[in-house]
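A short worksheet on the structure shown next.
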Amino acid sequence: MLAQDWLVWEDLNRIVALIASRHRVNPDDIPDLVQEVRLTIWKAGENRAVNATWIFKVVASRVLDHVRAQASHRSFEFTGVPEDLPESSCDGAELAHLLRARLCRLPQTLQLFCHLRFGQDMSQREIAREMHLSRSSVRWLERRSRRELIGSLA
């Protein structure tokens, strides 16, 4: 197919929305991402032959660019505990209960990782062997689980 044929492809909106939702992009931002993808395809040239693999690469690149741009605007500064909180809210048992509730909301893979890493006190190498993953994937899981827990507790 030519690049111009992909511009009117009906499923392009659905594909962008699907990939964006996997990266937890705000649904209000998806139409803008669709336009960015269409613009990239249009810039590729009218008579250039492109395949679906290239289209998916364009979609994934635009979504990841958007996610990275949003992440660079976030701040994880600790501003301290508000003074109007009751004293019991800082209780260790309550924090453990809150953390357990947040862990239950994580995807299964991250739950398993957290159980192995923090519950069983396994090393990254042991987790990689147990989950049949590379060590770099395990490091990525650790970063992602920490990021999601920090985001849910903030």
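Structure summary
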| item | result |
| --- | --- |
| Only Lys, Arg (+1) and Asp, Glu (-1) charged, at Cβ; region 104-153 dipole about Cα centre in debye | 220 debye |
| Additional length obtainable on full extension of the chain from L39 to Q108, 0.36 nm per residue less Cα span | 21.2 nm |
| Overall form of region 92-154 per C-alpha gyration tensor (a/c, 1.5; a/b vs b/c) | prolate |
| Relative contact order %, region 104-153, counting alpha carbon pairs below 8 Å whose residues are six or more apart | 34 percent |
| Local electrostatic count at I127 - Lys and Arg +1, Asp and Glu -1, tallied over other residues with Cβ under 13 Å | +1 |
| Highest to lowest packing among 95-101, 36-42, scored as the average C-beta count within 10 Å | 36-42, 95-101 |
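No value in this document is a laboratory result; all are computed from the given coordinates. If you're wondering where the values come from, they're calculated on a predicted model, not measured in any experiment. Neighbour counts are summed over all protein chains in view; Cβ atoms, including those assigned to glycine, are modelled from backbone coordinates with ideal geometry.
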